[in-house]
Structures are given as structure tokens and as C-alpha cells.
Ligand code: ASP
């Protein structure tokens, strides 16, 4: 595994270098038409980062379909699939609800929005949320090709499970197909590894572009809100995840995350749980010893519906906006926030910035002005990076616990 740890070091170095170079360029306050900005940062460096993300995304649908269909076909019967599904969903909901509760408690102690000035020149237009019935209906694909083409992960997951179960019930025909899918799985995993070997470069490009274009002045204005979100992210990480890993999986949390943190670094630099998914899956299976049957189910589902970091941002943002507008939403309001933020985090796609859009849903539920989102937009880019890393860390934690409980962890 010497290769892996060398790669990990390189990725870390690339992150730091990108951060320094990007911040330095930003500090120079060069004009957009300046050669360094036009052809360097927003030209070739941005191109490198975009190609890296696009290639990661390219692997998501084939990888999820193949590995989940394989995984489902390898499970002995419908009951174990149902059990794994039940545990996974339960844990995802639990960790998200815990995250938002923690966010509300800490935010009420810190009071990030007290004394805020409401002046903001950014207008935020909220989106109507679809009715719940529609949300459920959309989990089921009517056309698997369309679902794949659109990258609709929940639909791809449902289709892959159905195919996997049918394979396991189709005797020798199914067996042949399973062997073929297993081969495909290995080939796609190889592709992920190939991509990982150039990851330091990709990460460097992404970090440089983001930090070159992002100012830190917004963070100073919103220091209380920003540090409140960061504090809760850290608390949730070291309290909830560490305790769960220790108690429910009997693992050393520090050791676990020492091995898993490169994936969180990808999540940080891409701000996308979805784009990170190929690397999450590869790492869970090949490095963390989680069997494919469990990893291929828990990781894609987590990247789609489990967003603890996002829920934390939404909790703190709700308190912040309520205080900024001097609205008291009361205990009932907080209960509502826990419920809707958990639902909103399920509905948040694992791509950059979506958490801010689904925040509108939470605010609407408790009667807060959606325009309040404009107050926090300025610092959301960096928070998005941080919360995405936590989102992915939460997926790994639940995957390890479920795997352990099923006797499918060899870590
Ligand atoms: N960027 C986050 C993710 O991909 C979602 C969000 O909070 O905006 O997990």
C-alpha cells in the first residue's frame, strides 16, 4: 500500500499548494483580463480541474449500476437486502437528524445572527418544492436509459437492485451475467485507479481556481455564522461519527479516518459527493475492507440522500436568518426545521451549492423569508467544500457500521 500513501501525501500537498497559489493570486487583485487570470487561472488551470471533475462524473453511473447489480445479485436473498436497506436508511436518517439537532443547539448558544444588519444587495429567488407524492414517485424509473442519461441516482439504484435480484433468481443465465458484471466491475475500478493517479493534478487545479476567485472578506463579515457552521461540522464529526464507529462497529475512529481522509479531501476539492463517489466506493471496497454487497449499496445511496454537513449548514442558517430578521420560530418551529432539513438533505443532489437551494424549502416551512439566503451566499462556496467532506465522511461511517453488523467488514 506504499503507493496509496504516497498518493495521499501528493493529494494533500496539491491541496495546500492550490490553496496557497489561489489565495496569493486573489490577493494580487488582478483584473479579469489580466493574462495570468484569463489564460492561467481561468484558462488552463480551470480546464484541468473541470476535466478532472467531468471524468470522475463519467464513472458514476456505470460504476453504481454495475457494482450495485453485482452486489445485489451476490446477496443470498431478498431478506438480507431488505435488512441492509433498512439499517442503512435508518442510520442515514438518524445521523442527519442528530446533525441538525446539534446545529440548532450550538447556534442557539452562539447566536450568530444577533445584531446583523439586513442590508444585502443580492437577491435570492426560492424555488417551489415539489409535492411529496411526486418526490416518492420519482424514485422509480419508467425508463432506465433516461435515468442513467440524466444521472438520476435514486432511479439508477432502484433499477440496479431489481436487475441484481433478478440475476440471483435466474439460475445459470443469471450466473453468466453475474460473472460478466463482476468483470466489468473490476474494469471500472481500474479506471477509477487510473484517474486517481492524476488526482493530485486535478485537485491542485480545482483548489487554485476556487481560491483565486473567492475572496475572504465575506468570511470576515460573516465570521460568527461561518465559525458556527465549522464548529458544528467538527463537533458532529468527532462526537457523532467517532462514537458511532467505536460503539456500533468497534473500530478506532482515528485509524478509520486516517485511512479514509483522502476521500474527504476529494470531496472538499470537488464540493460534490456525487463526483467523489467513484473514489468513495473504490476506497471503501479496496482499502477499508467493506464487501461489495454493502459498499455498493450504502455509498451511492449515501452520496444521494445522506448530507449531514448540508443539514448542519441549513440548521445554523435557519437560526441565523431568524435572528437577523428578529423572528422567533419557537420550539415547534425547531422541530419543523429538524424534520424538513432531514428531508431537504435527502432531496439535495450531491453537487456543488445545492444545499443552499434546498435551504429555501426549510425556511418556507417555518415562515422565514427566503431572501435571507442572500445574507449567507457570500461564504457558501467554502462552507460547501467543508460540508461536502463531512457528507462523505458520514456515508463511510454508516457503510462501515452496516458492513460490520452484517459480517461484511474485513478492516
Ligand atoms: N455539495 C454538497 C454535496 O455534494 C451538497 C450541498 O450541500 O450543496 O454533498
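The values are calculated or read from the model by the stated rules, or taken from the named source; none is laboratory data. No experiment lies behind these values; they were computed from the predicted model shown. Cβ: placed from backbone, ideal geometry, glycine included. Neighbour counts: every protein chain shown.
Couple of notes before you dig in:
- Among the residues of region 350-376, those that are away from the ligand (no atom under 11 Å from the Cβ), in a helix (DSSP H, G or I) and out of contact with any helix residue (DSSP H, G or I) (no Cβ under 7 Å at 6 or more places or on another chain) comprise 371, 374.
- Verdict on residue 177 being surrounded by 13 or more Cβ atoms within 10 Å (Cβ to Cβ) and closer than 20 Å to residue 264 by Cα: no
- Selection within region 312-337 - within 19 Å of the chain's Cα centre (by Cα) and more than 9 Å from the ligand (Cβ to nearest atom): 312, 315, 316, 317
- Test: residue in region 135-147 that is in a helix (DSSP H, G or I), in contact with a helix residue (DSSP H, G or I) (Cβ under 7 Å, 6 or more places away or on another chain) and within 21 Å of residue 282 (Cβ to Cβ): no
- Remark: pairs (first residue in region 349-370, within 17 Å of residue 138 (Cβ to Cβ); second residue more than 7 Å from the ligand (Cβ to nearest atom) and at pLDDT 85 or above; Cβ separation under 7 Å; 6+ apart in sequence or on different chains) = 350/303; 350/304; 361/340.
- Of everything in region 69-79 that is surrounded by 15 or more Cβ atoms within 10 Å (Cβ to Cβ) and part of a helix (DSSP H, G or I), the residue that is modelled with the highest pLDDT is 69.
- Scanning region 262-293 for residues that are in contact with a strand residue (DSSP E or B) (Cβ under 7 Å, 6 or more places away or on another chain) and surrounded by 23 or more Cβ atoms within 10 Å (Cβ to Cβ) returns 284, 290.
- Within region 338-348, the set of residues being within 9 Å of the ligand (Cβ to nearest atom) and either surrounded by fewer than 20 Cβ atoms within 10 Å (Cβ to Cβ) or without any contact (Cβ under 8 Å) to a residue 60 or more places away in the chain (or both) comprises 348 only.
- The listed residues are 367, 353, and the only one of them that is under 24 Å from residue 115 (Cα atoms) and either modelled with pLDDT under 90 or surrounded by fewer than 22 Cβ atoms within 10 Å (Cβ to Cβ) (or both) turns out to be 367.
- Exactly one residue among 198, 158, 145 is free of Cβ contacts under 8 Å to residues at least 24 places away in the same chain and loosely packed, with under 14 Cβ neighbours inside 10 Å, and that residue is 145.
- Helices (runs of 4 or more DSSP H) (entirely within region 170-277) containing at least 2 residues that are under 20 Å from the mean Cα position of the chain (by Cα): 171-197, 199-213, 223-235, 242-249, 253-270
- Close contacts from region 251-277, counting a first residue that is under 24 Å from residue 53 (Cα atoms) and a second that is within 11 Å of the ligand (Cβ to nearest atom) and outside any helix (DSSP H, G or I), with Cβ to Cβ under 6 Å and a gap of 6+ residues or different chains, come to 271/352; 272/350; 272/351; 272/352; 273/350; 274/350; 274/351.
- For residue 381, the conditions (1) within 11 Å of the ligand (Cβ to nearest atom); (2) in contact with a helix residue (DSSP H, G or I) (Cβ under 6 Å, 6 or more places away or on another chain); (3) assigned to a helix (DSSP H, G or I) all hold with the exception of (2).
- A count restricted to region 261-302 and to residues that are within 16 Å of the ligand (Cβ to nearest atom) and within 21 Å of residue 15 (Cβ to Cβ) stands at 18.
- Residue tally, condition surrounded by fewer than 24 Cβ atoms within 10 Å (Cβ to Cβ), in a helix (DSSP H, G or I) and in contact with a helix residue (DSSP H, G or I) (Cβ under 6 Å, 6 or more places away or on another chain), over region 402-411: 1
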